[in-house]
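Some notes on the structure that comes next.
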Amino acid sequence: MEYRAFGQTGLQVSAIGFGCWELGGQYGHYDESEVITAVNRALDVGVNCFDTAEGYGFGRSEDLLARALGNRRKEVILVTKFAIYVNEQNQWYRDSTRQQALAAIERSLKALKTDYVDVYLIHWPDRQTSFEESMRALEEIVQAGKARFVGVSNFKAEEIDACMQTRRVDVGQYGYHLFDRRMEREVFPYCLNHGIGMMAYGSLAHGLLTGSFTPQTTFAENDWRRSGRAFGLSLFTPENFPKNLAVVEELKALAARRGKTIAHLALRWVLSNPAVSVGLVGFRKPQEVDASLGALDWTLSPAEMQEIDAIFQKHGVDPAPPNWVE
């Protein structure tokens, strides 16, 4: 396993992290016993970063992760998040008020069966609440010993800076993969310049870069990808899915020349960005953990990086559109 500095926290984080969004039930069916085995396999091969959130199944992911970790909790850098909820009308909303932050950390600690988390993040910016209030609440949680470090996810660069006026942002978490490079414009440079540890989620483009999809692929009713859109990008829509799959096929050939799978190439590409501390992958089976290890201990040459970009250009796929994920 490769280990990297987690910003200025002093922690050494595994380059590959275990993303637990899929354990919340929004990615279709999974077998809990296989997940538990996968978590322990990840620990055995040196993965020490596990990322979950209260919003992943509203405690379901946290609960399953806690059961999987069992008495190995001390071996991990445990990350969770708060601030997204659903009201009685089944509408999503954000709440990072002090009151919600203090209540949410207690719920997460109970679900995770621990008395502290290593990193506590605001999941999405709540622009109805001052960032000062939210950051003061996070500092209060740190002072109470319930989190070691804090940070933000999906905030714009100027919003991170606004948060920094009250309390240091230790860690950031953002979507980043070959099909989504929007963070390279402002967020990553800001975090790199300020020594903020970076967790990249969606490293395999939410399954697109696993190489397992075909033009006939359909998503289950309870799979969020069924809408066709992924964080502001039309990755799986009828008009874009075929050309994205064409990109994937050419990337497969490039990876094969190095004796790698497309997933290895995709994850290595994410880890090649100097701003990235850890690339998160959603594992549900132990063999998926083992399969990811081929992303370690090699580099993509400048010529290969240029070839990757040329493939996207050839198929008219823009991985860095100007829109922001709200």
Only bridges with both residues in the chain count here: give the DSSP antiparallel percent, nearest 5.
-> 25
Search the structure for amide H atoms under 5 Å from the amide H of Leu235, placed 1.01 Å from N in the peptide plane, and list their residues when 5 or more places away or on another chain.
-> Ala230
From the residues Met305, Phe241, Gly228, which one has its Cα farthest along the dipole of the chain in the positive direction, the dipole being from +1 and -1 charges on Cβ of Lys/Arg and Asp/Glu about the Cα centre?
-> Met305
Mind checking the dipole of region 1-139: about its Cα centre, +1 per Lys or Arg Cβ, -1 per Asp or Glu Cβ, Debye to the nearest 20?
-> 180
Cα axis of helix 262-271 to longest principal axis of the chain: angle in degrees, 0 to 90, nearest 10?
-> 50
Given a 1.4 Å probe and every protein chain left where it sits, what share in percent of the accessible area of the chain is carbon and sulfur?
-> 50
Measuring from label point to label point, each 7 Å out along Cα→Cβ, what is the Gln143 to Asp115 span in nm?
-> 2.0
Once the mean 1/r over all distinct Cα pairs of region 122-168 is inverted, what Kirkwood radius in angstroms do you read off?
-> 10.8
Which percent, to the nearest 5, of DSSP beta bridges fully inside region 1-101 are antiparallel?
-> 50
Region 1-65, accessible area per residue, ligands and nucleic acids excluded (1.4 Å, Å²) = 33
C-alpha long axis of helix 241-257 to longest principal axis of the chain, angle in ° = 80
Mind checking the full-extension length gain between Gln165 and Arg226? Use 0.36 nm per residue of separation minus the Cα-Cα distance, one decimal, nm.
-> 18.0 nm
Could you give P(r) for region 1-78, binned at 10 Å from zero, as whole percent values over all Cα-Cα pairs?
-> 19, 50, 28, 3
Among Gly175, Leu43, Phe131, whose Cα lies farthest out toward the positive end of the dipole of the chain, if unit charges sit on the beta carbon of Lys, Arg (+1) and Asp, Glu (-1)?
-> Leu43
Rg and Dmax of region 207-305 over Cα atoms: what are they, in angstrom?
-> 14.4, 41
Once the Cα atoms of helix 98-112 and of the chain are each reduced to a long axis, what angle between those two axes, in degrees from 0 to 90 to the nearest 10, is obtained?
-> 70
Put a dot 7 Å past each Cα toward the Cβ at Thr214 and Arg185; how far apart are the dots in nm?
-> 3.8
For region 249-302 the translational diffusion coefficient, Stokes-Einstein from a Kirkwood Rh over Cα pairs at 37 °C and viscosity 0.692 mPa s, in µm²/s, is roughly 280
Determine the per residue accessible area of region 218-326 with all protein chains present and a 1.4 angstrom probe, expressed in square angstrom.
-> 46
Most mobile of Phe179, Phe219, Phe18 in a GNM of the chain (Cα contacts under 10 Å) | Phe219
Under the Karplus curve 6.51 cos²θ - 1.76 cosθ + 1.60, θ = phi - 60°, whole-Hz ³J(HN,Hα) for region 122-131, x wherever Gly or Pro sits | 7, 5, 9, x, 9, 7, 8, 10, 5, 5
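The values are calculated or read from the model by the stated rules, or taken from the named source; none is laboratory data. Owing to the predicted nature of the structure, the values given are computational and were not obtained by experimental measurement. Cβ coordinates were reconstructed from backbone atoms using ideal geometry, including for glycine residues, and neighbour counts include every protein chain displayed. Note: areas computed on protein heavy atoms with side chains; ligands, DNA, RNA excluded. Shrake-Rupley method; radii C 1.70, N 1.55, O 1.52, S 1.80 Å.
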